[in-house]
Every structure is written in C-alpha cells, then in structure tokens.
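Asks: The structure is given below, and queries will be raised subsequently.
The values are calculated or read from the model by the stated rules, or taken from the named source; none is laboratory data. Bear in mind that the values here come from a model prediction, so they are computed numbers and not experimental data. Cβ placement follows ideal geometry from the backbone for every residue including glycine, while neighbour counts extend to all protein chains displayed.
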Amino acid sequence: MLYTGQINEFLRLDEVGAQNCALLKESISEGLSIIWTIDEFIIKVDGIEKKFQPNEIIFLTEFHNIEIIKIEKVRVIRFNRAFYCISDHDNEVGCKGILFFGASQLPKIAIPEIEFEKFETLWKMFSIEMESIDDLKNEMLQMMLKRMLILCTRLYKEQTELTTFDRNQLDVIREYNYLVEKHFKTKHQVADYAELLHKSPKTLSNLFKKYGNKSPLQIIQDRKILEARRLLQYSDKSIKEIAYEIGYEDLQTFSRFFKKIEGISPSNFKK
C-alpha cells in the first residue's frame, strides 16, 4: 500500500516476502524504514550478515545498503522527510539520534509478548487508514506513524537501559549522534561537536562512558569508516575521490586511517 501527497510525501506500508522483496531495496530520497520481522530474516547490511528472529524490529536509513539472504515475511513501513520529518518533530516522538541517524549502528528491538497485541492492533489500524479516502488521510497516517515511533523508542530505551539516563544527558547524546551524521565528512574532532553542543570534550567523554562502550571519537570514526566501506564497495569512485569525499585531502592519511581500523588497505578492500 502506497500513499503519496502533493508535495512529494511518500509512505509505504506492506507485507514483504520473497515475491516482492525488491521493495526493500527501493531507493527513496531522505527515506527511513521500519522493518518488523514476522519470520526469520537474514540480510547483509553494508556487507555484514545480520540474522533476526520473529517479532524483532530494525530501523534503516537511506544510507544502509542491504542484500537479502533469507526472507519469508516482514512488515515494512517506509517514509520520507516530506511525509514526516523526525528532526522537526523530535519533541513528539523523541527518536532522533536513537532509532535513526546512527547509520554506523543498526538499532533493533524485540517486541515483548506483553506488548505484541499493541503493535498488532496498530498495524491493523495503520492498514485501514492507508485504504481510506478522505481529507484527513495525511493527518491520520502521520498519527499512526507517530504512535509506532513512540512505541519503538520507548521499547528501545527500556531494552538498552536508557530509561536510567537523565533526560538532559540523553538529549545531548542523541544530538551528538545526529550532528555526527550531518557533519562527519567535514568535522572529524570531538571538539568540533562539543562546540556545536556548547559542551566541553571532557563532558561528552564522561557522558558516553556512562552511556555505552563507544567514545565520542569512536562514533565519528565508525561513521567515517562506514562511508568509506560503502563507497569502496558500491561505487566506481577512485580511492582518492573517496578520501576527498570523506574529508581527507591527503590520500596517505586516509589509507593509514582505513588500514588502522579495518586491518587492510583501501585498495585491497576494494579488490
């Protein structure tokens, strides 16, 4: 089921299997995807195989490259920024920098049995609204999407223990993830983001130490190396062009950075 509006709004709601799995690779500018697995689901995300069990939900951006290994049935909600901009409406759903815009990660939640009926009912209501024909359709579909994002964000926070975080601290971390996604090609130092956030690099370091295993610098490096891998694997650009696109004017500096993290030179990786 597909909804399109007068200003390029895009929303797709579908059950996808082996017969129509090409929909999962559909190219949508500024597109975000919510994939709810009904059966076992195996894909490669940027060349790394990922296996998902029934009733797990994953969140993809337009930057993820996927290859389907095994699919029986998944439910897909895909939308673009014109339909619903999660950055502009962050006060409504609070998922910016958690479910999306952490492109070097693949956020995942498992639907608990106690919550299953809630998600199932929401999917049915969503499907009904997709088939409706009235002047309020856009608003109703946005309401359904917001409800889904709120439920998923709530579960993600619980399952990653983010609910124990002070809200202001969590907002800083979310904003940091979002800013890295926007500026990783031009801003390579933690101090650059600390300045944007009006925090000290030390404050950011302490926050991330509480939050998880990765430091603020690792978040930047992970995003840069992910982009490098994607361009080396999926584009015809030269290594010099790729280095420049990621923000390295010197090819040798880029090659050292890539080899230090990947253990292999960019040229050998591309081969």
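Asks: Being of a type in the set (Asp, Glu) and under 20 Å from the mean Cα position of the chain (by Cα): is that true of GLU161 here? Lay out the reasoning, then the answer.
Replies: Values: of a type in the set (Asp, Glu): yes; under 20 Å from the mean Cα position of the chain (by Cα): yes.
So GLU161 passes the test.
Asks: Let me ask something additional. Kindly check whether there is at least one residue in segment 103-112 that is closer than 26 Å to PHE208 by Cβ, at pLDDT 95 or above and either assigned by TED's automatic domain parsing to the domain that holds HIS183 or among the small types (Gly, Ala, Ser) (or both).
Replies: Scanning segment 103-112, I find at least one residue that is closer than 26 Å to PHE208 by Cβ, at pLDDT 95 or above and either assigned by TED's automatic domain parsing to the domain that holds HIS183 or among the small types (Gly, Ala, Ser) (or both), so the answer is yes.
Asks: Could I ask something else about it? Select from segment 7-27 the residues that are surrounded by 12 or more Cβ atoms within 10 Å (Cβ to Cβ), more than 16 Å from the chain's Cα centre (by Cα) and among the aliphatic types (A, V, I, L, M) and write down the one among them that is farthest from ILE86 (Cα to Cα).
Replies: VAL16
Asks: Another one. Given the criteria assigned to a loop (DSSP other than H, G, I, E, B), modelled with pLDDT under 90 and within 25 Å of TYR3 (Cα to Cα), does SER87 qualify? Explain how you work it out, then say what you get.
Replies: Details: assigned to a loop (DSSP other than H, G, I, E, B): yes; modelled with pLDDT under 90: yes; within 25 Å of TYR3 (Cα to Cα): yes.
Here the answer is yes, as SER87 does meet what is asked.
Asks: Consider ILE133 carefully, then state whether it is within 29 Å of THR37 (Cβ to Cβ) and surrounded by fewer than 16 Cβ atoms within 10 Å (Cβ to Cβ). Step through it out loud before you land on a result.
Replies: Details: within 29 Å of THR37 (Cβ to Cβ): no; surrounded by fewer than 16 Cβ atoms within 10 Å (Cβ to Cβ): yes.
So ILE133 does not fit the description; no.
Asks: Checking the conditions here, which among LEU151, LEU106, LEU155 is under 17 Å from the mean Cα position of the chain (by Cα) and within 22 Å of MET1 (Cβ to Cβ)?
Replies: Details: LEU106 fails: within 22 Å of MET1 (Cβ to Cβ); LEU155 fails: within 22 Å of MET1 (Cβ to Cβ).
Result: LEU151 is the single residue among LEU151, LEU106, LEU155 that is under 17 Å from the mean Cα position of the chain (by Cα) and within 22 Å of MET1 (Cβ to Cβ).
Yes/no per residue for (1) more than 19 Å from ASN177 (Cβ to Cβ); (2) of a type in the set (S, T, N, Q); (3) modelled with pLDDT of 85 or more:
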residue: ASN213; (1), (2), (3): no, yes, no
residue: ILE220; (1), (2), (3): no, no, yes
residue: ILE225; (1), (2), (3): no, no, yes
residue: GLN252; (1), (2), (3): yes, yes, yes
residue: PHE257; (1), (2), (3): yes, no, yes
residue: SER265; (1), (2), (3): yes, yes, yes
residue: LYS271; (1), (2), (3): yes, no, no
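Asks: Check segment 115-130 and report whether any residue there is more than 30 Å from LEU13 (Cβ to Cβ), charged (D, E, K, R) and either within 20 Å of the chain's Cα centre (by Cα) or not in a loop (DSSP other than H, G, I, E, B) (or both). Break it down stepwise before answering.
Replies: Of segment 115-130, the ones more than 30 Å from LEU13 (Cβ to Cβ) are none.
Within segment 115-130, none of the residues are more than 30 Å from LEU13 (Cβ to Cβ), charged (D, E, K, R) and either within 20 Å of the chain's Cα centre (by Cα) or not in a loop (DSSP other than H, G, I, E, B) (or both).
Asks: Working only within segment 232-270, note down all residues that are farther than 19 Å from GLY47 by Cβ, in a loop (DSSP other than H, G, I, E, B) and among the hydroxyl-bearing types (Ser, Thr, Tyr).
Replies: SER238, TYR248
For (1) hydrophobic (A, V, I, L, M, F, W, C); (2) closer than 24 Å to ARG230 by Cα, each residue gets a yes or a no:
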position	(1), (2)
ILE35	yes, yes
PHE41	yes, yes
GLY47	no, yes
GLN53	no, no
VAL74	yes, no
PHE79	yes, yes
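Asks: Which one of these does GLU129 not meet: (1) touching a Pro at 6+ places or on another chain (Cβ under 9 Å); (2) modelled with pLDDT of 90 or more; (3) not aliphatic (A, V, I, L, M)?
Replies: Unmet for GLU129, out of (1) touching a Pro at 6+ places or on another chain (Cβ under 9 Å); (2) modelled with pLDDT of 90 or more; (3) not aliphatic (A, V, I, L, M): (1).
Asks: Looking at segment 28-62 only, could you name the residues that are surrounded by fewer than 18 Cβ atoms within 10 Å (Cβ to Cβ), at pLDDT 90 or above and hydrophobic (A, V, I, L, M, F, W, C)?
Replies: Passing the criteria: ILE38, ILE42.
Asks: Do we have LYS25 as charged (D, E, K, R), modelled with pLDDT of 90 or more, closer than 20 Å to TYR234 by Cα and in the same structural domain as TYR84 (by TED's automatic domain parsing) here? Don't jump to the end; show me each part of the working.
Replies: Working: charged (D, E, K, R): yes; modelled with pLDDT of 90 or more: no; closer than 20 Å to TYR234 by Cα: yes; in the same structural domain as TYR84 (by TED's automatic domain parsing): yes.
When the stated conditions are applied, LYS25 does not pass them.
Asks: Then there's this: Quick one: in segment 72-81, which of the residues that are touching a Phe, Trp or Tyr at 6+ places or on another chain (Cβ under 7 Å) and surrounded by fewer than 20 Cβ atoms within 10 Å (Cβ to Cβ) is modelled with the lowest pLDDT? Walk me through it before giving the result.
Replies: Taking segment 72-81 first, the residues touching a Phe, Trp or Tyr at 6+ places or on another chain (Cβ under 7 Å) are 74-75, 79-80.
Of the ones still in play, those that are also surrounded by fewer than 20 Cβ atoms within 10 Å (Cβ to Cβ) are 75, 80.
Numbers: ARG75: 97, ASN80: 90.
Among those residues, the one meeting the criterion is ASN80.
Asks: Among all residue pairs at least 6 apart or on different chains, which show Cβ distances below 7 Å where the first residue, located in segment 246-260, is free of Cβ contacts under 8 Å to residues at least 40 places away in the same chain and the second is among the aromatic types (Phe, Trp, Tyr) and in a helix (DSSP H, G or I)?
Replies: From residues that are free of Cβ contacts under 8 Å to residues at least 40 places away in the same chain, the pairs are TYR248/PHE254.
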